[in-house]
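Since the structure comes first, as structure tokens, the remarks are kept for the end.
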Amino acid sequence: MDLKRVSVSLLKSINDEWDIGLMLPYYWKSQEASISFLEPANSLQQEYAERAGYIHHRSESYSGIGDIELLAGHKRKDLIKSGSILRLGFGLALPTGKTEDDPWELGELGKKHLHIQFGNGTLDPIVNLYYGFPLSKKTALAIYAKTRVPFYHNDKGYRGAVELAVSPMINWSISEKVSASAGIVLERFGHADWQKSGTDPNSGLLHASASLNLSYAVTEQLDISLGITKPFHQRFFGDGENFEIAPGFSFSVRKSF
């Protein structure tokens, strides 16, 4: 499975203490599936095996918008430590991403189905937090955390997993135009479930990644960034198919008006 995402984020400051934001994600998801035989099989057996296998997984590509996030943020300066910044954001994830019917129920009936979704199909509350403070003129420490908590099933009987991400990091200024940050990204995805089929056995994941990001200030209002994340620990606590998270690469452009 290969995943690509483009996110457009808009942030508007209301005053020194409040801001509002919108994040619109678009995904490209591509999966490859193949069938191998442990013992020799004739053409009819191969045809039946492929027909049954590709009901569940196929080599196909999908794309679509994800769940839009709307957030309001409250900012405080010099809290606990001089020069610090605290931002507490809260809002909703909107059910704009495409969802699927219960794949476990369809699989039991021998019908073609899809496990790949682009959203939860529910209005989910989101809370995030950022706190950073300087260590010196060129270095600072920060921590970012975010959670999304689905409370109910969508109209297809699906309830998404509780999501939690925590990322401590260190930031430093290399020059007037170049800055960098390095840290650890910890993410936990709980169990999703279906009203009829119960807990989704392919859900339940905890992983940790090292992250590195470099930014270049083209002008005072425009900067570009390159980032990489490298997973170093993963634990799958579902009962279904395990998978390994691959390294991630990012490119971002930020413009101030």
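Database remark: amide H of SER84 closer than 5 angstrom to the amide H of ASP78, LEU79 (H placed geometrically; neighbours at sequence offset of 5 or more, or on other chains; Pro and chain starts carry no H).
Only helical DSSP H runs with n ≥ 4 go in: add -39500 (n - 2.57) per run for the chain, normalise by residue count and round the 222 nm mean residue ellipticity to 500 deg cm²/dmol. Show your work: numbers first, answer last.
Working: 2 runs with 20 residues, N = 257.
Computed ellipticity for the chain at 222 nm equals -2500 deg cm²/dmol.
Provide the packing ranking of 188-194, 54-60, 1-7, i.e. peptides ordered by the mean count of other C-beta atoms within 10 Å per residue, highest first.
Working: 188-194: 18.6, 54-60: 14.0, 1-7: 11.4.
The densest-packed peptide leads the list: 188-194, 54-60, 1-7.
Of interest is the spacing of the C-alpha centroids, which for segment 103-124 and segment 194-237 amounts to 23 Å.
Report the Rg/Rh value for segment 113-257, based on alpha-carbon coordinates and the Kirkwood definition of Rh.
Values: Rg = 18.6 Å, Rh = 17.6 Å.
Taking Rg over the Kirkwood Rh, I get 1.06.
Fully extended, how many nm does the chain gain between GLU220 and PHE243 (0.36 nm per residue separation, minus their Cα-Cα distance)?
Details: separation 23, 0.36 × 23 = 8.28 nm, distance 4.23 nm.
My answer for the length gained is 4.0 nm.
Going down the list LYS112/LYS230; LYS77/LYS230; LYS29/LYS230; LYS156/LYS255, which pairs span over 28 Å between their C-alpha atoms? Beyond 28 Å: LYS112/LYS230; LYS77/LYS230; LYS156/LYS255.
Hey, could you grab the Kirkwood Rh for the chain? Inverse mean 1/r over distinct alpha carbon pairs, Å, one decimal. Provide the component values of the computation, followed by the final result.
Values: mean 1/r = 0.0477 Å⁻¹.
Hydrodynamic radius (Kirkwood, Cα pairs) of the chain is 21.0 Å.
For the chain, with the dipole built from +1 on Lys and Arg beta-carbon atoms and -1 on Asp and Glu ones, taken about the Cα centre, which of GLY198, PHE37, PRO150 lies farthest toward the positive end? The residue sitting most towards the positive pole is PRO150.
In plain terms, the chain from GLN234 to ALA41 could stretch by 65.8 nm, reckoned as 0.36 nm per residue minus the Cα-Cα distance. Per-peptide packing, taken as the mean over residues of other Cβ atoms within 10 Å, places 217-226, 70-79, 98-107 in the sequence 98-107, 70-79, 217-226 from highest down. The value obtained for segment 213-257, namely the Cα convex hull volume divided by the number of residues, is 98 Å³ per residue. Once the Cα atoms are used to define both axes, helix 43-56 deviates from the longest principal axis of the chain by about 40 degrees. A simple spin-label model places pseudo-atoms 7 Å from Cα toward Cβ; at ARG76 and ILE14 they are separated by 1.7 nm.
Since every read-out is calculated from the coordinates, none of them should be taken as a lab result. Treat the numbers as computed from the prediction; the structure is a model and nothing was measured. Reconstructed Cβ throughout: ideal geometry from the backbone, glycine too, with neighbour counts over all protein chains shown.
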